[in-house]
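S.K.: The structure that follows is given in the form of structure tokens.
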Amino acid sequence: MTAQTVQQGDLVTVIGLEVHVQLETDTKIFCGCSTEQSDEPNENVCPVCLGLPGALPVLNEAAVEAAVKIGKAIDAEIPEETRFHRKNYYYPDLPKNFQITQYDEPICADGDLEISVEGERRSVTIERAHLEEDPGSLQHVGGGGGIDSADYTLVDYNRAGTPLMEIVTAPDFRSPGEVRAFLAELEEVLEYLGVFDAERDGSLRIDANLSIIPEEEIESDDVTEIGPEALAAANRTEVKNISSHKGAEKALAYEETRQKNAIQRGRAVEQETRHWDESRGITVSMRSKEEEKDYRYFEEADLPPLRVSGWKDEISIPELPAARRERFEDEYGLSDEAASKLTSTKQVADFYENVAGEFDPDLAATWVADNLLGELNYRDMEITDIEGRLEEVTRLVELVSEGEITAKNARETVLRSMLDDGKAPDEIVEEEGLGKTGEDEVQQAVVEAVEENPDAVDDYESGDEGAINFLVGQVMQKTGGSADPGDVNQLLRAELES
Ligand code: ZN
Ligand code: MN
């Protein structure tokens, strides 16, 4: 890059991603060891995932199924046949000194995912997505505790062999915010497919390439189309150790500013790998980046080529969040915002459709999107935490819909007590005396109030309007506050005029 001073506005940020997604399978990708996360290190291991001599890998069908689902969701090409390779490098978390991965024949190629950026839909190209095995994990102990400052490091192979899907995008992002939107959408899609658990520690790990290109070097009028020459000319950094979509936005905003400052001061941006230090909020230089040729890829002879052509038709995927959002807007007349909230997870969307099927869709939207998700969020809970109690929530909506209790009581007393004390709605209504009092009972209370308060009746008859409020208060007291004050007012007037 030329060391000349350019204006901030003339610089275009270009970001591409490699996202490693842990696939949710019971066992590892090439052996029968459990993928369960364990506090006991080196518990879920065997000769295969420890890389002992002579041990042979056997491909896990469930991992391939998950990969095909992802391929269908991102509208990728799934070839007739796919193949595994060895990626050779030495690192203590990699017991075989090579990683079984895919190289020139990945299971998915040329897909895309739509994201919403400032209200506009935009497509992000996914160049490829391939299956591979996760390495083990390292624990840096003592000293500064960091990768470069610990006294010593422990190795845990529980994670080694967990199936991963590596999803590689084109350099299609122009801001850290777009990256965040993409990762959030991707997470939603993966959760809908049931192949991914966002709650699991380290289930999403992101490497991001970021470079800054002067606008005049872009060959196309369209700023989102950057010519390969301009890309090749720019030095880029690869930022590693990002583990969430919020973290990605922060790390890339830092890196964007760092590179722009360097360019504006006439300094060169080094081509290198940098480590995102989440606690310090900065990226630090790690090493110069290996090139592809350093890995000496060659075919994994212990795994035959895998024919996947038949799988594409046999494996089905559910309606995905974007399609469901659109349908919710059309079918139930929901706003963009409500539809987004109600499709945020498959469980929420399924529950909403259930409730909307029984009651008014608007009432259902208020109850699921605002009341239920609001109260859950406040308690740091997910809808999956009350999976077995959704019928109780439906019953609560029914009580409101039928006018048995007021919406206010339902929301502020019953729902909160359901979540905090684990009680059923009818039980709470009974205990708290929230049920709307029957008409006969209200009429009875009106008659009593009139009989017991002759002075107030006299005042009313001599034209004192304030006296009616006193009598309404008396009736409300007798009915425990469950009568409607407007109704009581009318009933009282009718009683006094008779
Ligand atoms: Zn194993
Ligand atoms: Mn990888």
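S.K.: Do any helices (runs of 4 or more DSSP H) lying entirely in segment 329-398 carry at least 1 residues that are of a type in the set (Gly, Ala, Ser) and out of contact with any helix residue (DSSP H, G or I) (no Cβ under 7 Å at 6 or more places or on another chain), and which ones are they?
M.R.: Once the helices (runs of 4 or more DSSP H) in segment 329-398 are filtered for at least 1 residues that are of a type in the set (Gly, Ala, Ser) and out of contact with any helix residue (DSSP H, G or I) (no Cβ under 7 Å at 6 or more places or on another chain), what remains is 346-358, 373-378.
S.K.: Among the residues of segment 61-69, is there at least one that is within 16 Å of ligand 2 (Cβ to nearest atom) and surrounded by fewer than 19 Cβ atoms within 10 Å (Cβ to Cβ)?
M.R.: no
S.K.: Let me ask something else about it. Counting just the residues of segment 346-358 that are open to solvent by 30 Å² or more (accessible area, probe 1.4 Å) and in contact (Cβ under 8 Å) with a residue 24 or more places away in the chain, which one comes out farthest from ARG327 (Cα to Cα)?
M.R.: Only one residue fits best here, namely GLU358.
S.K.: Can you tell me which residue within segment 183-212, out of those that are touching a helix residue (DSSP H, G or I) at 6+ places or on another chain (Cβ under 8 Å) and farther than 25 Å from SER316 by Cβ, is farthest from ligand 2 (Cβ to nearest atom)?
M.R.: Only one residue tops the list, namely ILE212.
S.K.: Looking at segment 262-321, which of its residues are of a type outside the set (Asp, Glu), in a loop (DSSP other than H, G, I, E, B) and in contact with a strand residue (DSSP E or B) (Cβ under 6 Å, 6 or more places away or on another chain)?
M.R.: Hits for segment 262-321 are SER288, LYS289, ARG296, TYR297, PRO305, VAL308.
S.K.: Scanning segment 3-37 for residues that are acidic (Asp, Glu) and either more than 16 Å from ligand 1 (Cβ to nearest atom) or closer than 25 Å to THR237 by Cβ (or both), which turns out modelled with the lowest pLDDT?
M.R.: ASP10
S.K.: Follow-up. Go through segment 230-261 and count every residue that is open to solvent by 50 Å² or more (accessible area, probe 1.4 Å) and part of a helix (DSSP H, G or I).
M.R.: So the count comes out to 9.
S.K.: In this structure, does VAL446 turn out to be more than 30 Å from TRP367 (Cα to Cα) and open to solvent by less than 30 Å² (accessible area, probe 1.4 Å)?
M.R.: Taking the combined requirement at face value, the residue satisfies it.
S.K.: If you check GLY202, GLY227, GLY194, which single one turns out to be assigned by TED's automatic domain parsing to the domain that holds THR35, open to solvent by less than 40 Å² (accessible area, probe 1.4 Å) and touching a residue at least 12 places away in the same chain (Cβ under 8 Å)?
M.R.: Criteria check complete, one pass: GLY202.
S.K.: Quickly run through segment 239-276 and pick out the residues that are aromatic (Phe, Trp, Tyr) and either outside the structural domain of ILE206 (by TED's automatic domain parsing) or modelled with pLDDT of 95 or more (or both).
M.R.: If the condition is that a residue be aromatic (Phe, Trp, Tyr) and either outside the structural domain of ILE206 (by TED's automatic domain parsing) or modelled with pLDDT of 95 or more (or both), then TYR254 is the only one that fits.
S.K.: Checking the condition polar (S, T, N, Q) and modelled with pLDDT of 90 or more, which residue from SER288, SER316, SER279, SER309 passes?
M.R.: It is SER316.
S.K.: Please enumerate the residues belonging to segment 23-62 that are part of a loop (DSSP other than H, G, I, E, B) and either of a type in the set (Asp, Glu) or not assigned by TED's automatic domain parsing to the domain that holds VAL155 (or both).
M.R.: GLU24, ASP26, GLU36, ASP39, GLU40, GLU43
S.K.: For segment 310-328, give me each residue that is closer than 16 Å to LYS346 by Cα and surrounded by fewer than 17 Cβ atoms within 10 Å (Cβ to Cβ).
M.R.: Correct list: SER316, ILE317, PRO318, GLU319, ALA323, GLU326, ARG327.
S.K.: Contact list please: Cβ distance under 7 Å, first residue in segment 155-169 and outside the structural domain of ALA73 (by TED's automatic domain parsing), second residue of a type in the set (A, V, I, L, M, F, W, C), pairs at least six apart or on different chains.
M.R.: The qualifying pairs do not exist here.
S.K.: Quick one: which of GLU81, GLU40 is open to solvent by 70 Å² or more (accessible area, probe 1.4 Å) and farther than 30 Å from THR237 by Cβ?
M.R.: From the options GLU81, GLU40, the qualifying one is GLU40.
S.K.: Residue by residue through segment 12-34, note down the ones that are more than 16 Å from ligand 2 (Cβ to nearest atom) and either open to solvent by 10 Å² or more (accessible area, probe 1.4 Å) or without any contact (Cβ under 8 Å) to a residue 24 or more places away in the chain (or both).
M.R.: Within segment 12-34, VAL12, GLU24, THR25, ASP26, THR27, CYS31, GLY32, CYS33, SER34 meet the criteria.
S.K.: What are the pairs, 6+ residues apart or on separate chains, where a residue within segment 240-264 that is free of Cβ contacts under 8 Å to residues at least 60 places away in the same chain and farther than 19 Å from GLU185 by Cβ has its Cβ under 8 Å from a residue that is among the polar types (S, T, N, Q) and open to solvent by less than 30 Å² (accessible area, probe 1.4 Å)?
M.R.: If the second residue must be among the polar types (S, T, N, Q) and open to solvent by less than 30 Å² (accessible area, probe 1.4 Å), the pairs left are LYS240/THR273; TYR254/THR283; GLU255/THR237; GLU255/THR283; ARG258/THR283; GLN259/SER211; GLN259/THR237.
S.K.: Here is a list: ASP151, ASP207, ASP104, ASP172. Which entry is crowded, with 21+ Cβ neighbours inside 10 Å, in the same structural domain as ALA230 (by TED's automatic domain parsing) and over 26 Å from THR384 (Cα atoms)?
M.R.: The match here is ASP172.
S.K.: Same structure, new question: Is it true that GLY466 is open to solvent by less than 80 Å² (accessible area, probe 1.4 Å) and within 30 Å of ARG395 (Cβ to Cβ)?
M.R.: For GLY466, the condition - open to solvent by less than 80 Å² (accessible area, probe 1.4 Å) and within 30 Å of ARG395 (Cβ to Cβ) - is not met.
S.K.: If THR406 meets every condition in (1) farther than 30 Å from ARG379 by Cβ; (2) surrounded by 14 or more Cβ atoms within 10 Å (Cβ to Cβ); (3) at pLDDT below 85 apart from one, which number is that one?
M.R.: Failed condition: (1).
The values are calculated or read from the model by the stated rules, or taken from the named source; none is laboratory data. This one's a predicted model, so the numbers in the text were calculated from it and none came from an experiment. In this analysis, Cβ positions are derived from the backbone assuming ideal geometry, glycine residues included, and neighbour counts consider all displayed protein chains. Side chains included, ligands, DNA and RNA excluded: accessible areas come from the protein's heavy atoms. Shrake-Rupley method; radii C 1.70, N 1.55, O 1.52, S 1.80 Å.
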